[in-house]
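Read the structure below first, then the notes.
The values are calculated or read from the model by the stated rules, or taken from the named source; none is laboratory data. Everything numeric in this text was worked out from a predicted model, so none of it was measured. Heads up, the Cβs are rebuilt from the backbone with ideal geometry, glycines too, and the neighbour counts pull from every protein chain shown.
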Amino acid sequence: MNFTQVIFCVYCCIVKLKAYNITDVGLLKHNLFHNYDRQTIPKTDMKAPVNVSMSFSLVSVYELDVKNQLLSTSAAFKITWKDELLIWNPVNYNGLDQLTVTLASIWKPDVIILNSVSTQKTLTNNDDDDHYVTVNRDGFIEWWVYVNLKTHCKVHMTNYPFETQICDINVTKSYLDDQSEILQSVDNSLSLDNFVPNGEWQIFPLHSFDQIFLRSNREVLGLQWKIKMKRGRTFYTWNFLMPSISLSIADCFSFLLPAKSSDKLRLSIFVFLANAVLIRLFNDSMPAISDDISLFGVLLWVNILVSGLVIVMNIVITSLFYCKSPKIICKCCDDFIECCKCKLLTKCCKPCYEHQADIKRKTYDLTEFQNAQKEKKEYASIKHGDISISINEGIDQTFIHHRGMKIQLGTITDYLDVKERIEWADVSRNIDIIATLMILAAYAILYAATLSELLRDQ
């Protein structure tokens, strides 16, 4: 290092240590803005565009209005660019290397929020340029702007209310083209260090992309930030899913109530009306017109259809219970009752085993009657003094003989099989059991299929 370089370094240290005053600030502003035109693009080479760097920081998510498809957020933009007309040497101003001015005094980049739903899409109002910016000695300007945004968000309703939504913040230019200004992102992936957590939504790290937008029949380059949000499940689980499951279970077990009880039909009607109220509450939170159909909404509609079917089945079962003509029960009903009996458990179930033994004994007695019919004999089942009960010409004719009188009675077959007679009450009770199992299985399959589809991409 020679003597001249040493002297220069000492001079720079002295200048650096010497504090500037208000006079230096006023002099610098006068020299910079004396002939400055804020409507002129600050480039010495007008063929080269101004590179505007943008950084997006999400502060808070206020609300995602699913019904109107609007996202309300609070965000901060850091915008930097180089103004080649605002460059100075700090040595001439006692080391003054930064200057704070209002945005109204310098050229402002052309930046708009394209998908904003407000009429004012710029970051500031046209007459409100009182924001302060920092101008560095090399001409680089740094502008921090905090805004409350309300932007359009395309909401996908397929997995609602257990969905993950992706909303966009689209930034582009309104009047300048790509030859005059270029928007570029500082980082492709942004952190959420300054984010205030939202109780309803879980926010993932943001990502930015270069995007081409169509403005006034021309393509312009812009930026797009994607906000990925996952809805919390707790609220909708306890306010929609759990009540729906509870109503479905109650609907299944309405068949287990006695048919003669009026609560049987009342319970199924109550479940139907409760499902209707639940659907009304769910539909109020959804847009009136949507390209997607909510799977959970379909589940609620299927539930109300099944509960309507349960009402019809309970009416039929109750009608069968009060039917007074057991003789019209066809053989298929008899076979149905037999299928419902625990035949596989006969050997290990003592009551069932004794029941089957009684049937065999009665079958044996009837066989004797049939043999008597074939041999044309008179079979006397009871004889006491001059009173006798006999069967003539088969077991279908039963008579009482007393002092020359002959009184015909009902068939002895009916008497012997009175305990084995199939009645409509038995049919209705077995239908109740089968219906409980069928509806319970249908609900289980319905919920399993729907929830697996809703939570598959979570």
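How do the pairs read when you match residues in region 81-104 that are within 23 Å of residue 130 (Cα to Cα) and at pLDDT 90 or above with residues anywhere that are assigned to a loop (DSSP other than H, G, I, E, B) and small (Gly, Ala, Ser), using Cβ under 7 Å and keeping only pairs 6 or more apart or on different chains?
As it stands, the answer is 82/139; 83/139; 84/139; 86/139; 87/139, since those pairs meet every condition given.
So which residues in region 279-300 are in contact (Cβ under 8 Å) with a residue 60 or more places away in the chain and either among the polar types (S, T, N, Q) or touching a Cys at 6+ places or on another chain (Cβ under 6 Å) (or both), if there are any at all?
285, 290, 294
Taking the condition of being within 48 Å of the chain's Cα centre (by Cα), surrounded by 19 or more Cβ atoms within 10 Å (Cβ to Cβ), of a type in the set (A, V, I, L, M) and in a loop (DSSP other than H, G, I, E, B), how many residues in region 78-127 meet it?
Total meeting the criteria: 3.
Among the listed residues 181, 163, identify the single one that is under 22 Å from residue 69 (Cβ atoms), surrounded by 14 or more Cβ atoms within 10 Å (Cβ to Cβ) and acidic (Asp, Glu). I'd like the intermediate steps shown before the answer.
Values: 181 fails: under 22 Å from residue 69 (Cβ atoms).
After applying the criteria, what remains is 163.
Anything in region 194-207 that is farther than 25 Å from residue 234 by Cβ and exposed (fewer than 12 other Cβ atoms within 10 Å of the Cβ)? List them, or say none.
Residue satisfying the conditions is 194 alone.
Scan 208, 174 and give me the residue that is in a loop (DSSP other than H, G, I, E, B) and of a type outside the set (A, V, I, L, M).
Criteria check complete, one pass: 174.
So residue 72 clears everything in (1) touching a helix residue (DSSP H, G or I) at 6+ places or on another chain (Cβ under 8 Å); (2) small (Gly, Ala, Ser); (3) assigned to a strand (DSSP E or B) except one condition, right? Which one?
Of (1) touching a helix residue (DSSP H, G or I) at 6+ places or on another chain (Cβ under 8 Å); (2) small (Gly, Ala, Ser); (3) assigned to a strand (DSSP E or B), only one is false for residue 72: (1).
Regarding residue 148, is this residue touching a residue at least 12 places away in the same chain (Cβ under 8 Å), part of a strand (DSSP E or B), surrounded by fewer than 19 Cβ atoms within 10 Å (Cβ to Cβ) and of a type in the set (S, T, N, Q)?
Here the answer is yes, as residue 148 does meet what is asked.
Give all pairs with beta carbons closer than 8 Å in which a residue from region 35-56 that is assigned by TED's automatic domain parsing to the domain that holds residue 176 and loosely packed, with under 12 Cβ neighbours inside 10 Å meets a residue that is in a loop (DSSP other than H, G, I, E, B) and among the acidic types (Asp, Glu); count only pairs at least 6 apart in sequence or on separate chains.
Matching pairs, first to second residue: 44/84.
Could you say which residue among 187, 210, 168, 251 is touching a residue at least 40 places away in the same chain (Cβ under 8 Å) and surrounded by fewer than 17 Cβ atoms within 10 Å (Cβ to Cβ)?
187
Quick one: would you say residue 260 is part of a loop (DSSP other than H, G, I, E, B) and either in the same structural domain as residue 154 (by TED's automatic domain parsing) or of a type in the set (Lys, Arg) (or both)?
Numbers: part of a loop (DSSP other than H, G, I, E, B): yes; either in the same structural domain as residue 154 (by TED's automatic domain parsing) or of a type in the set (Lys, Arg) (or both): yes.
Taking the combined requirement at face value, the residue satisfies it.
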